[in-house]
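Notes follow the structure.
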Amino acid sequence: MAIHGYVLLARTDLPGVERRLEVVRRTVAGVLALPDQGPALAAPVGGVPQRLDDDALARFAVIGDGEACLRRLEDYRRAGLECAILLPAGMRDLHLTPR
């Protein structure tokens, strides 16, 4: 049985980083707000943070420059995630070159 998982990704070395981080923040907050199942689906080791600041957000998403994002995705793969499902913006971001 293959292990698939949604992975949020926000590159910090591309224009529009604040918008990217805000999208990830809203997505994580929306999942955590799901009645009964949200925290069970998304809670990282250590529990749900009180605030979704940048450090807390990194517990839920792949965040950093292009190289850091690729390394973090590799960490997920080594941990057993066989198919990382990225939102379309995240897939595009992996192929962009910073300006």
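Between A56 and A68, the simple label model (points 7 Å from Cα in the Cβ direction) yields a spacing of 1.9 nm.
How high is the relative contact order of the chain, in percent, with contacts defined as C-alpha pairs under 8 Å that are six or more residues apart? Once normalised by length, the contact order is 49 percent. Measuring spread by the Cα atoms of the chain yields a radius of gyration and Dmax of 13.5, 43 Å. Take the Cα of R26, step 7 Å toward its Cβ, do the same at M91, and the gap between the two points is 2.1 nm.
Laboratory data are not the source of any read-out in this text; all were calculated from the coordinates shown. All values reported here derive from a predicted model rather than from experimental measurement. In this analysis, Cβ positions are derived from the backbone assuming ideal geometry, glycine residues included, and neighbour counts consider all displayed protein chains.
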